[in-house]
């Protein structure tokens, strides 16, 4: 039971939950896990030879580090852009607009300050909705008060959710663009010089399709002025 | 029914606790589209190599997408069960537990993808290779002067063990 309790404490942790609900942290952490786990899986392969494993694992590690770098750079830009797009919807509600103004003048990140200040309103609305749902007949006044609170906070919550949604949409677009288009395109130009600097420019001979090896061997043979080998 | 406008879309994204799962699924979908596409656009490699690499890349994301979609929800179910066990002993915030457990589920999915690729890719790539070999054999019988077709068969056994293993590097 104590193990279950410890697991429960971990799952209940406020900080973990905060990290876990954002797309940004998820993408960064999953890329970090890939950077460690995938080379480890490659090295765990008992069938491949050491040279192949070294080449493949190094290339995979470098690729994931490149993805991490691209994500670190792109996500804040796209998040800020997404939040900017959502600002006009935040401004529609007076209370949400005031929260935005306070967040703009705060010391740290405007987006984080807005989320922190907006969270209290979202929590109050959530509590009010729970009381309405419970509909305790012993305390009808409590339910009535909760209904009034919910009616007041609903438009504010909509505006705050629009702001949060703008940030998350920016993060989604930034991570998809970065990891699916920019990283593969950049890897061709970046990984090759790095592999060359590490002295692992050429793929080990055990990697490659038969055609690749045949053509490589054929090139060597014709350069030496010999006829192309036809069998092995 | 009114079509959702941009404001409604932003609101629903803001309220949604599943944006991490959605992000990983979207990345898997677009990787499954763009990576094979980029591979086929590579002018330096020969067509057979490109086709082979593109299929492997596609298969990696075919393995990734259901894992990213399903594992977080299974983890949340497990956390829900855990929450019920702990209800009397610890104050439980179900929303927090759900969010953290889905995140852990995504981590588990990330670790499982290479293992699943190691299981599903070898038979599929072996079947593809067999198909290509039979095509080449047919071409070889009708076109004796083509050296590429003739040589590829003796060399293949050397690379059999490395050919079909695991997901594409850089996925």
Self-check item: Global geometry of chain A, whether rounded, prolate or oblate, following the gyration tensor of its Cα atoms and the 1.5 cut on a/c
Solution: prolate
Quiz item: Helix A:50-90 versus the longest principal axis of chain A: what is the Cα-based angle in degrees, 0 to 90, to the nearest 10?
Solution: 30 degrees
Quiz item: Counting pairs of alpha carbon atoms under 8 Å apart in space and at least six apart in sequence, what relative contact order in percent does segment B:1-123 give?
Solution: 27 percent
Practice problem: Taking only Cα atoms and a 10 Å spring cutoff, compute GNM fluctuations for chain A and point out the largest among A:165, A:199, A:82. | Solution: A:199
Quiz item: Per-residue mean of other chain beta-carbon atoms within 10 angstrom of the beta-carbon, peptide A:187-197?
Solution: 1
Quiz item: Residues of A:61-70, mean number of Cβ from any other protein chain within 10 Å of their own Cβ, rounded to a whole number?
Solution: 1
Quiz item: By counting other Cβ atoms within 10 Å of each Cβ, how are A:43, B:52 ranked from fewest to most?
Solution: A:43, B:52
Quiz prompt | Number of partner chain Cβ atoms within 10 Å, mean per residue of A:35-44 | solution = 4
Exercise. Give the order of B:116, A:156 when sorted by the count of other beta carbons within 10 angstrom, beginning with the fewest.
Key: B:116, A:156
Quiz item: Simple spin-label model, 7 Å along Cα-to-Cβ: residue B:130 to residue B:95 in nm?
Solution: 5.4 nm
Quiz prompt | Separation of the residue B:40 and residue A:91 label points, Cα + 7 Å toward Cβ, nm | solution = 4.5 nm
Exercise. Rounded to the nearest 0.05, what FRET efficiency do residue A:177 and residue A:138 give with R0 = 60 Å and r taken as the Cβ-Cβ distance? Could you check?
Key: 0.65
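When A:189, B:80, A:9 are ordered from fewest to most other Cβ atoms inside 10 Å of their Cβ, what list results? Could you put the intermediate results ahead of the total?
Values: A:189 8, B:80 14, A:9 11.
Ascending number of Cβ neighbours within 10 Å: A:189, A:9, B:80.
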Exercise. State the volume of the convex hull built on the alpha-carbon positions of segment A:81-167, expressed per residue in Å³ and rounded to an integer.
Key: 79 Å³
Quiz item: Spin-label point model (7 Å from Cα, Cβ direction): what's the residue A:18 to residue A:4 distance in nm?
Solution: 3.0 nm
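None of the figures in this text is laboratory data; all of them are computed from the coordinates on show. Since the model is a prediction, treat every value here as computed from it, not as a measurement. Quick reminder, even Gly has a Cβ in these numbers, built from the backbone with ideal geometry, and neighbours come from all protein chains shown.
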